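A short write-up of the structure that comes next.
The values are calculated or read from the model by the stated rules, or taken from the named source; none is laboratory data. What you are looking at is a predicted structure, and each value in this text was computed from that prediction instead of being measured. FYI the Cβ positions are ideal-geometry reconstructions off the backbone, even for glycines, and counts take in every protein chain you see. The protein model used for the area step is the full one, side chains on, heavy atoms only, and it has no ligands, DNA or RNA in it. Shrake-Rupley method; radii C 1.70, N 1.55, O 1.52, S 1.80 Å.
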Amino acid sequence: MRTFSMPLGMVIGALLCYPITAFDEMTGGVSTPFFIFSMLFCTFCRVNVRDMRPSWLHLWLMVAQIVGAVAFYYALLPLGDTVAQGGMICVLAPMAMGAVVIAGMLGAKIETMATHSLVCNIIIAFVAPPLLSAWGNGSCTVAEILARVSPLLIAPFAVAQLCRWLTPKAAQWIGSRTMLPFYIWLLSLVVIVGKTTHFIIQNGVTEIDTELLLALVAFVACVVQFALGKWLGERYGDRAAGGQALGQKNTVLAIWLAQSFLNPLACVAPTAYIVWQNIVNSYQIYKHR
């Protein structure tokens, strides 16, 4: 069931997109942030802040991400500005919050992933605005991205470390439930896919050729980033961490960036990326088990 749970979660989210969206609106849109906060809190309870330190792997992953985003944009530009924007945002988007959980299931070092989640999201918050402003339709600021990222990344990390300090036994008990964050991640995946499917239905299919091309570009970006990340991770002794750090993207943030600062149609690429990255994750869990 763990192997097929992510594809099953995506199917359930797509089929129940209307009630899921209605529930999310009824709760004021806090369901996804709540799931992500809870998932990261449980995971970060296992992390000792003294073991967190930047490494050469983190540096090369960031170089690959930023250079790759620029390379994808210019390589795809002959296919149209919208396609180029879609490919670029699939590479530029920072590491997903759930990557820490999946990487842990694949045997990666949690401290390596926790460090990269903080480093990657903060660096991209400073790198993304000039790129989006140059290639997009709006003026993006560092504060806007940090406002989206910080509450769901720094807050659970701080609360988890406070819990480790004040109630170490409780933190140890929570951290020992290694599968709990995965099940919480599944719930968030169902909600994310449900809301995304509802958005697609509401906006309809307007330019089918461009949308199919964007989905194909997202597939290529997904495969390339997972493969490159694994190659870099293997060189520094943590293949699983490298693959998840570079390949699993914060698609919720990527969709928001595309809708806000690029051609809104470009958000089809990070939307398709949700499907591709979770198929890859399911396959990796299957192979690992």
Karplus-derived 3J(HN,Hα), 6.51/-1.76/1.60, for each residue of the range 36-47, Hz, glycine and proline x | 5, 4, 4, 4, 5, 4, 4, 5, 5, 5, 8, 9
Of (i) 31, 22, 21; (ii) 28, 22, 18; (iii) 40, 28, 16, the label for semi-axes √(5λ) of the Cα gyration tensor in Å derived from the coordinates | (ii)
Going residue by residue through the range 177-183, the Karplus relation 6.51 cos²θ - 1.76 cosθ + 1.60 with θ = phi - 60° gives ³J(HN,Hα) values, rounded to whole Hz and with x marking Gly or Pro, of 7, 5, 8, 4, x, 5, 5
Over the range 208-289, with neighbouring protein chains present, the accessible area per residue in Å² at probe 1.4 Å is 41
Placed amide H near LYS249: partners under 5 Å, 5+ positions off or other chain | ALA96
Under a straight-distance cross-link criterion of Cα-Cα below 18 Å, which lysines are reachable from LYS230, leaving out those fewer than 8 residues away in the same chain?
-> LYS109, LYS249, LYS287
Compute the relative contact order of the chain as a whole-number percentage, counting only Cα pairs closer than 8 Å that sit 6 or more residues apart in sequence.
-> 34
Whole-Hz couplings from phi, Karplus 6.51/-1.76/1.60, listed for the range 75-87; x for Gly and Pro | 5, 8, 4, x, 8, x, 5, 5, 5, 4, 5, x, x
What's the carbon and sulfur percent of the chain's accessible surface, probe 1.4 angstrom, rounded to a whole number?
-> 69
Burial-style ranking of 87-96, 192-201, 250-259, average other-beta-carbon count within 10 Å with highest first, yields 87-96, 250-259, 192-201
Of the residues ILE122, ILE208, ILE154, the Cα lying farthest along the dipole of the range 91-219 towards its positive end, which is defined by charges on the beta carbon of Lys, Arg, Asp and Glu, belongs to ILE154
Taking the Cα atoms of the range 133-289, what is the range of coordinates along each of the three principal axes, in descending order and whole Å?
-> 55, 36, 30
Per residue, how many Å² of accessible area does the range 102-199 show with a 1.4 Å probe?
-> 44
Per-peptide average of other Cβ atoms within 10 Å, ordering 283-289, 38-44, 140-146 highest first | 38-44, 140-146, 283-289
Quickly rank 76-85, 173-182 as a protection proxy: mean count of other C-beta atoms within 10 Å, highest first.
-> 76-85, 173-182
